[in-house]
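Computed from the coordinates by the stated procedures, all read-outs in this text should not be read as laboratory data. Note that the structure is a prediction, hence the values are computed from the model and not measured. FYI the Cβ positions are ideal-geometry reconstructions off the backbone, even for glycines, and counts take in every protein chain you see.
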Amino acid sequence: MLAAGARIQVRANFHDGSDFNAAVAKWNVDRMISHPKSMAKQNVAGITSVAGALR
C-alpha cells in the first residue's frame, strides 16, 4: 500500500473567505476520482481511497 499526505496551512481560505480544510481537500480528491466528467481522473487513477484528517 502506498500512502501520501499533505499538510494544509492553518487558517487557509478560499477567495470567498470560506475555509479550506481536510474535509474540503478529501471531497475534491474524491470528486476527481469519481466524477464522470473529471478531467483529472487519469492523474489520480492510482488512488484507491482517501482518508480524512489524520493527526
Between helix 22-34 and the chain: long-axis angle, C-alpha atoms, 0 to 90°, nearest 10: 20
Rounded to the nearest 0.05, what FRET efficiency is calculated for F14 and K37 with R0 set to 25 Å and r the Cβ-Cβ distance? 0.70
A correct Karplus calculation of ³J(HN,Hα) over region 5-21, with 6.51 cos²θ - 1.76 cosθ + 1.60, θ = phi - 60°, whole Hz and x for Gly and Pro, returns x, 9, 9, 10, 4, 4, 6, 7, 10, 6, 4, 8, x, 6, 5, 10, 9
Rounded to whole Å and ordered largest first, report the semi-axes of the equivalent ellipsoid of the chain derived from its Cα gyration tensor (root of 5λ). 21, 16, 8
Calculated [θ] (222 nm, deg cm²/dmol) that DSSP helices of n ≥ 4 give over the chain, each run adding -39,500 (n - 2.57): -7500 deg cm²/dmol
